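Have a look at the structure below, then the notes.
The values are calculated or read from the model by the stated rules, or taken from the named source; none is laboratory data. Fair warning: this is a prediction, and the values are worked out from it, not measured in the lab. Glycine gets a Cβ as well: all are built from the backbone with ideal geometry, and neighbour counts include every protein chain shown. Side chains are part of the model used for accessible areas, which takes the heavy atoms of the whole protein and leaves out ligands, DNA and RNA. Shrake-Rupley method; radii C 1.70, N 1.55, O 1.52, S 1.80 Å.
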Amino acid sequence: MGYISFYRKWRPQDFGEIIGQEYNVRTIKNAISNNRLSHCYIFCGPRGTGKTSTARILAKALNCRKGTTPEPCNKCENCVSISNGSSMDVVEIDAASNRGINEIRELREKVKYLPNILRKKVYIIDEVHMLTTEAFNALLKVLEEPPEHVIFIMATTEPNKVIPTVMSRCQRFDFFPIPMDKIKERLQKIARSEKITISDSAMSLISKYVDGSLRDADGILEQLAAFGEDKIEVADVISLLGVTDLEMLFEFTDILIEKNLVRGLLLVNKITGSNQNLKVFVSEFLDHLYDLYVIKNYNNPFEIVNISEDYKDKCLGQAKRLQKEEIEFYMELFTDLLKQIKWGEGSKVFFKSAVVRAINFIVLDEKEIGKKTRLMETQIESLRKEIDKINSIQEGYKNSHNHKADVDTSVYKNGEDDFDIININEIDKIVSEVGIQSKHAVSGGKAHKLEMTDDGVEKKDEEIGLINNNLDKISQSLKKKKISVHAMFTEAVPYKIENGTLYFYLDKEKEWHRDHLNKSKNIELISSVIKEVTGKDLRIKFELGKKVDKTNVISGVESKVSSKVSGKSRAENAENKASNSSNSKDRSSKNSRTEEDVLDYFEKKFDIKE
């Protein structure tokens, strides 16, 4: 006989040689021993996991000269003919090339005939998912009620493509990828028998590359035996397959752990300067990172990940030295890099920049984050204090004749309106005009005085200033307690405090907000929050008013104007001390009229509508 490929020569010949499928093997052997065989089986799983080999061994177990047995002899004519593929009663059909309805009709006709030599006629249909829908439907009846002398064994790598009506008529066995250690043991056995010299690291690399397929491992070993003259090393495997050395993956991970930029740059130069496929390297490095992530976060990680015994200790050591956040960052970074390498040009540039980012990535611990947070809070508080100093009025106008401000005050209108600029000199002229007009408006030409209590004004300004300065804290506290009320509250602006009531103004189109905010339960909540933040126990009321920013400015200007008019009134009051008691009612009347005149003037001047 001529030369036979490794995967054929070393194909399992009995159930004991099936590797990595202990559950399936035990179940089938027990079914044979207890005479509980089904008429149809379907074996599902990836390539090279033993589906067709198990089907052939099952055929031998049913037709061995020793009788139906879970341990076929492999010496009788029946077993030998099945192993050689020369038996007329064990028919292997490639569904990929015999997928039509005509082939299945022909099969249905042949099923009726008894076996020529064997006890059972066995049909092994490989890659059964390739059959057409019509062919599957034609197969249904014979699968449901086949003759007693026929057994169907189907194999597929894509069970999802098999129609459910066929799947439901079969006993399903799932074949899983073979673990790396068992593949390595099998390669060592073949190498010894075939007198091939190969290093352990090279076998480990082959075991990882084949991804659980024993047939692929046999083929690669055979190719390396023809490629290498003496001992097969890792370099030979890398050169043949274009895969990444596992040691290089561990070295790269150590560089990221140590943040060693010099070693990292040297490794990048080594990788990009060789025939290393960057897509393969990044893909395998992502697999390595996933293994480390599982080890880091799962109690029994080796139940999930497939790692050779030679590298388990290294993986455990690296997983301990890496933080969870670091692994997550590296996985995200190199996943994006893999997409760029696949679909973009300049893969080496992307790879270099990603490596530099990965090496320089630093995870801050909770203490460092706390320090930075406290520093930022201190800076924010300092800025708030500075803003409060700038916004607060440090000095009043005590003497309107001797003290004038040189700074212009800008008044911004709300929304999309342009802004006007009010100069302090202009305000003085306005005050003079209003004062003259208010004097002439008094009947009898008597010089009544406008008396405003400086202490009262300052107290009200201080209280409303306290509310404004703590408005952010009030808003945040309200947000924590009831976010729906907070959302409406942000539309309101504190306007004044009068008789123990704090008034908030809303834009005139915010009627719905006003009605809901004025509900008793919402008023109580807002009042309690304000008391909690400022210590002030105030009643709360929300009203519709003018545009909020304009109102605030006018309120501030009124205060200044009232102070000026109050100074002038005090001067006039000093000249008329004798008539204080008789003119008290007139002063009260003049006060109200003067304020009305000032407001009327500003409404005309700045086109303000109530």
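Only one of the numbered conditions (1) open to solvent by less than 40 Å² (accessible area, probe 1.4 Å); (2) within 29 Å of Ser168 (Cα to Cα) is violated by Ser33, and that is (1).
The rows are residues; the columns are (1) at pLDDT below 90; (2) more than 57 Å from the chain's Cα centre (by Cα); (3) aromatic (Phe, Trp, Tyr).
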position: Lys60; (1), (2), (3): no, no, no
position: Asn63; (1), (2), (3): no, yes, no
position: Glu92; (1), (2), (3): no, no, no
position: Glu109; (1), (2), (3): yes, yes, no
position: Lys112; (1), (2), (3): yes, yes, no
position: Lys121; (1), (2), (3): no, no, no
position: Glu127; (1), (2), (3): no, no, no
position: Thr132; (1), (2), (3): no, no, no
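Just the residues that are open to solvent by 10 Å² or more (accessible area, probe 1.4 Å) and not charged (D, E, K, R), please, taken from region 208-218. Result: Tyr209, Leu214.
Taking the numbered list (1) assigned to a helix (DSSP H, G or I); (2) among the hydrophobic types (A, V, I, L, M, F, W, C); (3) closer than 19 Å to Ser347 by Cβ in turn, Leu224 passes all entries but (3). Against the test of being surrounded by 14 or more Cβ atoms within 10 Å (Cβ to Cβ) and either in contact with a strand residue (DSSP E or B) (Cβ under 8 Å, 6 or more places away or on another chain) or aromatic (Phe, Trp, Tyr) (or both), the options Leu205, Leu221 yield a single qualifying residue, Leu221. Among the residues of region 209-264, the one identified as of a type in the set (Phe, Trp, Tyr) and closer than 27 Å to Ile18 by Cβ is Tyr209. The set of residues in region 108-120 being open to solvent by less than 30 Å² (accessible area, probe 1.4 Å) and closer than 15 Å to Cys64 by Cβ consists of Pro115, Leu118. Mind listing just one residue for me: the one in region 297-321 that is open to solvent by less than 40 Å² (accessible area, probe 1.4 Å) and in contact with a Ser or Thr (Cβ under 8 Å, 6 or more places away or on another chain) and, of those, modelled with the lowest pLDDT? If we take residues in region 297-321 being open to solvent by less than 40 Å² (accessible area, probe 1.4 Å) and in contact with a Ser or Thr (Cβ under 8 Å, 6 or more places away or on another chain), then Ser308 is modelled with the lowest pLDDT. Of all residue pairs spaced 6 or more apart or on separate chains, those with beta-carbon atoms under 6 Å, a first member in region 343-361 that is closer than 24 Å to Glu328 by Cβ and a second member that is loosely packed, with under 14 Cβ neighbours inside 10 Å are Ile359/Lys259; Ile359/Leu261. Tally up the residues in region 25-81 that are hydroxyl-bearing (Ser, Thr, Tyr), part of a helix (DSSP H, G or I) and farther than 18 Å from Tyr123 by Cβ, please. Within region 25-81, residues that are hydroxyl-bearing (Ser, Thr, Tyr), part of a helix (DSSP H, G or I) and farther than 18 Å from Tyr123 by Cβ number 2.
Checked against (1) aliphatic (A, V, I, L, M); (2) more than 26 Å from Lys182 (Cβ to Cβ); (3) part of a loop (DSSP other than H, G, I, E, B), Val305 passes all but condition (2). Applying the condition of being within 47 Å of the chain's Cα centre (by Cα) and under 24 Å from Gly45 (Cβ atoms) to region 134-147 and asking which residue is modelled with the lowest pLDDT yields Leu140. Kindly check whether there is at least one residue in region 431-440 that is out of contact with any Pro (no Cβ under 6 Å at 6 or more places or on another chain) and modelled with pLDDT of 50 or more. Yes, region 431-440 contains at least one residue that is out of contact with any Pro (no Cβ under 6 Å at 6 or more places or on another chain) and modelled with pLDDT of 50 or more. Within region 158-181, the set of residues being surrounded by 14 or more Cβ atoms within 10 Å (Cβ to Cβ) and either part of a helix (DSSP H, G or I) or in contact with a Lys or Arg (Cβ under 6 Å, 6 or more places away or on another chain) (or both) comprises Pro159, Val166, Met167, Phe175, Met180, Asp181. Scanning region 274-302 for residues that are among the aromatic types (Phe, Trp, Tyr) and farther than 18 Å from Glu247 by Cβ returns Tyr290, Tyr293, Tyr298, Phe302.
Scan region 11-24 for residues that are open to solvent by 50 Å² or more (accessible area, probe 1.4 Å) and assigned to a loop (DSSP other than H, G, I, E, B) and the total you get is 2. Quick check, is Phe152 among the aromatic types (Phe, Trp, Tyr) and open to solvent by 40 Å² or more (accessible area, probe 1.4 Å)? Considered against the rule, which asks whether it is among the aromatic types (Phe, Trp, Tyr) and open to solvent by 40 Å² or more (accessible area, probe 1.4 Å), Phe152 comes out as no. Count of region 318-335 residues, restricted to those that are part of a helix (DSSP H, G or I), within 10 Å of Leu256 (Cβ to Cβ) and aliphatic (A, V, I, L, M), is 1.
Is one or more of the residues making up region 279-293 without any contact (Cβ under 8 Å) to a residue 12 or more places away in the chain, of a type outside the set (Val, Ile, Thr) and over 18 Å from Asp211 (Cα atoms)?
Pass one, region 279-293, residues without any contact (Cβ under 8 Å) to a residue 12 or more places away in the chain: 287.
After this cut, where a residue has to be of a type outside the set (Val, Ile, Thr) as well, the list is 287.
From what is left, the residues that are over 18 Å from Asp211 (Cα atoms) are none.
No, that holds for no residue.
Beta carbons closer than 6 Å, at least 6 apart along the sequence or on distinct chains, pair a first residue in region 228-255 that is at pLDDT 85 or above with a second that is aromatic (Phe, Trp, Tyr) for Leu249/Phe285. Restricted to region 446-538, the set of helices (runs of 4 or more DSSP H) holding at least 2 residues that are crowded, with 16+ Cβ neighbours inside 10 Å and at pLDDT 85 or above comprises 471-481, 483-489, 511-517, 520-534.
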